[in-house]
Amino acid sequence: MKYYGGIEAGGTKFICGVSDLECNIIEKVSFPTTTPEETMNHVLGFFSRFAKEDIVAIGIACFGPIVVDKSSPLHGTITSTPKLAWQNFPLLSFMQTHFLCPIEINTDVNGSATGEFCFGAGRNTKDLVYFTVGTGIGAGIIINGKIAKASEVGHIPTKKHPRDTYEGKCPFHKDFCLEGLAAGPSIEERWNVKSARELEATHLAWEMEAYYLAQAVLSIHLTLSPDKVILGGGVMGQPHLLPMVRKFFKTLDNGYFVSREKNIDDFIVTPEIEEVSGLIGSFCFARDAHKNK
Ligand code: ADP
Ligand code: ZN
């Protein structure tokens, strides 16, 4: 049997798997991200269970920042991560020294976006933007079936809620930044709680959160007009948040969007395969690498 290999390389844990050539998961394992040496040993250990010639291509969806520019000599290298042991780790070339098959690498959020695009909430669309709202905010952009450049949409300028006095958590943009105002740690610092999940559904925190996320969706809509915007990540684990984002989106857009006859419930959605979107996205990267070989 022939397989695609996939690695979802996260800052907290790695998930490795193999799929059939339709990207259906056959096997997967996960282990904590420790040092590159130890972690990559686990990766090699997992893949050594399969004959090398049966793995036809490998895809990697990796935490960043990583160099995705294929013309750069540093292609596939992790750069200025706060995880110091991983700084300047050449993940792609490490894998290339162990495997002769084609290997494709992209960012973790582009992996999730691709997984959702091919097999989740974004199937049957041509383009989508996938936001992950967690420890940080990142976005993967797919236009006409292709990943756009790695984006920094997570730091998009954001207007403050009239009742928000929080100074903002982004070291660069302070309170004029989506991530600085709306990522999990900023909610937690603003309201002085250990986890955002402690805040009740009626708490003002969620009105602010929805206001900020709705602005981001509006900006994306006005810039790219994608078929869908998918909001994922830990913070979206609050089921009341999605309807509030849709409501604010309508208020802020003030009828402009509606006139284009898109159904907002189909436009702003949550992920369908969130648990495995990154891994499945990495299989899709492998599939591309195999086809383009
Ligand atoms: P990461 O971004 O590190 O991959 P997550 O997407 O789980 O991980 O995001 C972590 C952030 O999301 C933390 O700030 C955490 O408190 C917050 N979070 C996780 N689960 C929930 C939840 N159910 N409701 C609200 N906030 C949550
Ligand atoms: Zn910022």
Which one of Ile15, Ile105, Ile280 has the biggest mean-square fluctuation once the chain is modelled by GNM with Cα springs under 10 Å?
-> Ile15
How far apart, in nm, are two points set 7 Å out from the Cα along the Cα-to-Cβ line at Asp20 and at Thr223?
-> 4.0
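Set the Förster distance to 25 Å, then compute FRET efficiency between Asn41 and Lys291 from the Cβ-Cβ distance, nearest 0.05.
0.25
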Arg163-Ala51 pseudo-label distance in nm [points 7 Å out on the Cα-to-Cβ vector] | 6.5
Where labels lie 7 Å past Cα in the beta-carbon direction, separation of Lys13 and Leu84 in nm | 2.7
Among the DSSP H helices of the chain, those whose Cα atoms extend at least 15 Å along the helix axis and whose mean Kyte-Doolittle hydropathy is -1.0 or higher are 36-47, 108-119, 204-224, 241-253, 277-291
Within the chain, which cysteines find no other Cys whose Cβ is under 4.7 angstrom from their own?
-> Cys16, Cys23, Cys62, Cys101, Cys118, Cys284
Hey, in the GNM for the chain with a 10 angstrom Cα cutoff, which one of Trp86, Trp206, Trp191 fluctuates hardest?
-> Trp191
With r as the distance between the Cβ atoms of Phe176 and Glu207 and R0 = 22 Å, compute the FRET efficiency 1/(1 + (r/R0)^6) and round to 0.05.
-> 0.65
With runs of 4+ DSSP H residues as the only contributors, calculate the mean residue ellipticity of the chain at 222 nm using -39,500 (n - 2.57) per run, divided by the residue total and rounded to the nearest 500.
-> -10000 deg cm²/dmol
Sequence-separation-based contact order of segment 121-269, relative, with Cα cut under 8 Å and 6+ spacing, percent = 26
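Bear in mind that the values in this text are calculations on the coordinates, not laboratory data. All values reported here derive from a predicted model rather than from experimental measurement. In this analysis, Cβ positions are derived from the backbone assuming ideal geometry, glycine residues included, and neighbour counts consider all displayed protein chains.
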